[in-house]
1. How many residues does segment A:570-599 contain that are within 14 Å of chain B (Cβ to nearest Cβ) and either more than 23 Å from residue A:428 (Cα to Cα) or in contact with an Asp or Glu (Cβ under 8 Å, 6 or more places away or on another chain) (or both)?
2. Scanning for something modelled with pLDDT of 95 or more, surrounded by fewer than 24 Cβ atoms within 10 Å (Cβ to Cβ) and part of a loop (DSSP other than H, G, I, E, B), does segment A:512-535 turn up at least one residue?
3. Would you kindly identify the helices (runs of 4 or more DSSP H) lying entirely within segment B:31-132 that contain at least 3 residues that are farther than 20 Å from residue B:168 by Cβ?
4. What residue, among those in segment A:294-303 that are crowded, with 24+ Cβ neighbours inside 10 Å and farther than 13 Å from residue A:350 by Cα, is farthest from the chain's Cα centre (by Cα)?
5. Report, by residue number, each residue of segment A:378-432 that is part of a helix (DSSP H, G or I) and under 30 Å from residue A:559 (Cα atoms).
6. If residue A:610 meets every condition in (1) under 24 Å from residue A:415 (Cβ atoms); (2) assigned to a helix (DSSP H, G or I); (3) away from chain B (no Cβ under 14 Å); (4) not aliphatic (A, V, I, L, M) apart from one, which number is that one?
7. Which ones in segment B:213-229 are buried (at least 19 other Cβ atoms within 10 Å of the Cβ) and either part of a strand (DSSP E or B) or free of Cβ contacts under 8 Å to residues at least 24 places away in the same chain (or both)?
8. Scan segment A:44-65 for residues that are buried (at least 17 other Cβ atoms within 10 Å of the Cβ) and either assigned by TED's automatic domain parsing to the domain that holds residue A:306 or under 24 Å from residue A:304 (Cβ atoms) (or both) and jot them down.
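The values are calculated or read from the model by the stated rules, or taken from the named source; none is laboratory data. Since the model is a prediction, treat every value here as computed from it, not as a measurement. Heads up, the Cβs are rebuilt from the backbone with ideal geometry, glycines too, and the neighbour counts pull from every protein chain shown.
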Amino acid sequence: MSLKDISTSVPKKDHSGKVSGQLPYISDVKVENMVYGVLVRSQVAYGKIISIQLPNLPEGYEAVGAEDIPGPNFVKIIKEDQPIFANEWVNYIGEPILMLVGKDLNILYSLLKEVKVIIEEHQAIYTLDEAIKQKSAAGVIMASYEFGESLETVSAIEQGAHQIIEEEYDTGYQEHVYLEPQGMLAIYKDDEIEVQGSMQCLYYIKNALLSALACGDDEVRVVQSPTGGGFGGKEEFPSMMACHVAVAARAVKKSVMLVFDRSEDMVVTTKRHPAKLNYRTALDKVGNILSLSVEIFLDGGANVGLSSVVLQRALINSAGVYKIPHFHAKGYVLKTNTVPNGAFRGFGAPQSFAGIESHLGHLSKLANIEPLEYKRKYLVKQGDPTITKGIFRDPILVEDMIEDLLKTSEYKKKKQEFQRFNQQNLRYKKGIGTSLFLHGCGFTGSGERDHIKATVKLVKSKDGIVMLKISNSDMGQGILTTLCKIVAKELDLPYEDVLYPYPDTKVVPDSGPTVASRTTMIVGKLLERAAKKLKAQWQSGVDQEVVEHYVHREMIPWDEKTFTGDAYPAYSWGVNFVELEVDTLTGNVKLEKVYGNYEVGKVIDDRIMKGQIDGGLAQGLAYGYLEKMTSKQGKIQQKSISDYGPPTSLDVVPIESKVFDNPYADGPYGAKGAGELTLIGGAPAVQAAIEDALHTTFQQIPITPEVIIESLWMKEGEEG
Amino acid sequence: MVEKMTATYRFDRLEQTLSQLNREDCLIMAGGTDIMVLHKSGRGVPLKLPKPLIFIDHLSELKQVFQNHKDIHIGACCTYSELLEHPLIPVSLKNAIKTIAAPAIRNRGTLGGNICNASPAGDTLPLLYVYNAKLLLRSVTGDRIVEISDFIQGPRRVQRYQNEILAEIILPSVLEEGAYVVFEKVGNRNADAIAKVGFAGYIRINEARIEDVRFAFGAVGPTMVRSIDIERKLVGKTIPLADADIVQVVAGFDKIIRPIDDQRSTATYRKTVALNLLRYFLSMKQYQAN
C-alpha cells in the first residue's frame, strides 16, 4: 500500500490482533517461576504505623516491604514524597504498605485478611474545601504559582468598574476507566529485572526502577505490553506498580505479577483533580470585561505526583481562548488525605475550560448578549499575546470553524424551535450550548528541551524493512499506525514494510513519554526527519541506522519562576455545539446532537482522528453531566463501572465532526496534537446547553440529575 | 491447600431437579447474572459458593409462555431476550425489559431470577407489582400460588422453601381491555445501570371514571412501595383528577416513601423524583389503553 494523501486511512497495525482477541495483554501472560502479588493497603486516611503483624506464611509465600527496597523508599516522579511501601506514615486509604507474594491468589487473598496493621490515627483532611480552610498549615500547599497583571492595577480598575462579579466554580473527580485495568509483571533473571506491563511512559518507569533498585543501567529493562487504554492513568501510576513488582522479584528471586481488578483499580489509582475555581471580574455598564482575576485550587490528594505540572496547565488555560484585558491568575495544589490525583487527558485544562466557559456564559447573560456572540468579542487572533506573554504565532481558524457550525447546525433556527418546544412541553426542555477551546501541544514550557530531549532511531534491514525504535506507547490511540505512515510516506515505502514493535528500553532510545499530545507532533516530526536522512543515505542490501535528536524552535523563552514566555510551541483548536433535552421530572439529560469542528494542523489518519474525536468528546461530555465519583471520609464510593456511569452507546449520539487543515511547520506533514483537545470542549458545551434548556445557571460539573432536580426545586421555591 | 469442589447439578427434567432440591439445599442458578456477581471472590479466583449449585436455565418446563383465560403465564426461566420477542408479552413489560442492563445480560437474565434476587432496585418489580403478579411455586409435594408482594419480604429475602422452584409468573387479567400502564426507570445512564428510582402506574377508566388504579415504586425502600389504601381512595373519581385529589395522593406517598443515600444517589433525589413521576401520572388529561 502506498500513500497519496497522508490522511487517507489504512488498516491499523494492531487491528487483527485486537479484533480477533488474540493479542495477549499483561494479565494473559504466564512465565516460568511466576508468583502473584497482592497489596496490603492502609485502611486509615492519615496516621502513623505502629506495628505490622503478619500471619504465619505457608511455604512459598513471602511478605515484601520497605526494608526490601535496595534504593530509597520513594517512587521517582518529581518530588520524593511518595513511598513505594509506606512504613512510617500513611497518607490515604489504599496506600500500599506491604506486598504478599505466592503462587495461589486464593491463598493470598485469605492471608491478606489476616495481616494486622496497627495505625495511630491522626486528623485527616478529607476534602478540598477543608484543605482550603487549612491552607496556611504546614504541608497543605504542595505547589503554587501566580502571574499576570499586577494586583494594584487590577484593584484600581475594579475601583472604577460598574460592577464586580464573583463566581465560585467546582469540578469533580473523573476516573479514566481504561478498558484494561492496571497490570505489571517483573520477570526475574540473575542479571536483570525485566518489567512488562500496561504503560504510557517506559523511561519514567525505567528511571523509577533505577532509583528503587539502586542498580546499573543494564540491570533493568522495561517492555510495554499491549495497552488497553491509558488516558493519562498509565502515565505516572504504573511507576509505583513497577517498583512493587521489581522490588518483590528481586527479594524473592521469582517473577512477580501484580494485576488489579476493576474495583481495586477504581479505588486506588489516580483520578482527575477535583478543582475549585474562583472568578472575580470587573465589568463596565454594558457588561464588557475590564479585568478578570482567577484563583484555582486543585485537590492533589496525598502525594504531589505530577500535580504541580497539572496546575501549570490549568493556569495557562485559565483565560480560555480569550484575550481578556488585565488578567491575573494564581493557583494552588493542596494536599488532602485521599487517593493521589494525577494525569488525565487534558491535564488541568478541562477544569479551566469548564470554568472559564461557564463564567463567560454567565457574564453574557448579564450583558444580555447571546453567549456565543459575547465570547467571540474576546476571541484571540493570530499575533495576540498569550496570558503568559507568549504569542499566538500561527493562523487561528476558530472564526471559520464557528461560522461553519452555525450553518451546519442551523443554530438560530434551532434556538427558536427549542423556545417554542419548551413553551409547549411541560416535562421536557431542550437547549443548545457551545464551547470554544484550544490545547497547547507538547510539554509545558521548555520541558521538551530541558527534560525530555527526545531521541528517535530508525533501523533498516538488508531486505529493506524499516523499524521504528522509539519509547512511545500505543495505548489504543493508534501511533503504531500513524507513526509508521509518516515514515513509510517519507521513505516512499509500502506501509507494510515499516514496522513498529512494542518498545523495549533495551533497544529503543528515550523518545519521551506518551503524554501531552506530543507524540505525533514531536516524535512524529523527529521520525520524519530521521526518514529523510535515511532516504538520503539509503543503500540497498545493507543494514543501516539513523538517529535524530530534538531541536528546539526558538520562541519567547519560558520562565517557570515568572510564569512568562511561550508555554507551548503550538496550539490545536476546537468548537463544540451540543443540543440536548432535559427531563424536568427526573433531571435526566438526553443528548440529541453533538457537533465538533477541530483544527489539528494536518490529520495523519482520518479514521484514527475520528476515533479520537468520538472517544474524547464522549469522555468530555460525560465529565460534564454523567460520570460522578465521590469520596467520603477518604474512601472512593463508586467501585464499579455501573455505579460510576461512563457513557454507553445508548448515551452518546453520532458525533458530527469536521477537521480543518492548517499545517504547522514543525509538525510532520503539518500535524499538531489531537488526543487531549477532543475532550476539552465537551463539559462546557453540555453545561451551556442544560442552562439554555432550563434558563438557569450552574456553578459546578458534573451537572447530574441530582443537581438539576435540586436546582429546579430551588427555582420553584423562588417563584413561589 | 486444595479446596473442595462445589457440587453442581444439571438435570434434564424439572422433576429430577425438584427431587434433588427436596434432598439437598442448593443455590438455584437460572441466568446467573446476579449469582455470578454476588459470589465474586477476587480476580483470578473461582466463585466461592456457599451451597451446591443447581442449574435450571435449560429446563423447557420453565420456559413456556401461554394464555389461560385472560391471564398470561410466563415461565420463570424465560430470558429477557425471549420475552422481548414473544407476542403475548404486554408492551409495557417489554418496555421495562428494554431498560435492563444490555443485550448480553438480557440473553442470560430471566424474569424469575429478577424476582428471586429480590433486589430493592429490581427492574421489572414495580411493574409486576402493579400487575398484581402471582407466583406459582412448585415442589415435589405440589404447587402453591403466592402474591408477589407476599413472596418478596426484603432485600434478597423471599418466601421460598428449600424444595421449591419458582415455576411461573402469572399476570392476572392482563388481557382485559382498557388499562393504561406506565413504567419509568431512572438510572444514571441509559444501559447497564442500576435503578435510582423505578415507577409503575396502572389505571383503568370507564367513561372518565377510575375503575382501578395502582402504583408501585422501586429503589426507594427495602422492597417495592405500594399502598392499596391510597389506591382505593381514587377509585370512582373522574378524570382529569382534581388538584386536591392529586395533592392528597402525593402527600400519602410522601409519608411512606423513605429512601436512602448511597453511592448511586441521594434520598432527597429519589423521593422528589418518585413523587414527580407520580404527580405527572396523576395529572394526565387522558389515559389511552396500551
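1. Qualifying residue count, segment A:570-599: 8.
2. no
3. Those helices (runs of 4 or more DSSP H) span B:35-38, B:91-98, B:103-108.
4. For segment A:294-303, the residue satisfying everything is A:294.
5. Selection gives A:378, A:398.
6. Condition not satisfied by residue A:610: (1).
7. Hits for segment B:213-229 are B:213, B:214, B:215, B:216, B:217, B:218, B:225.
8. A:44, A:45, A:46, A:47, A:49, A:65
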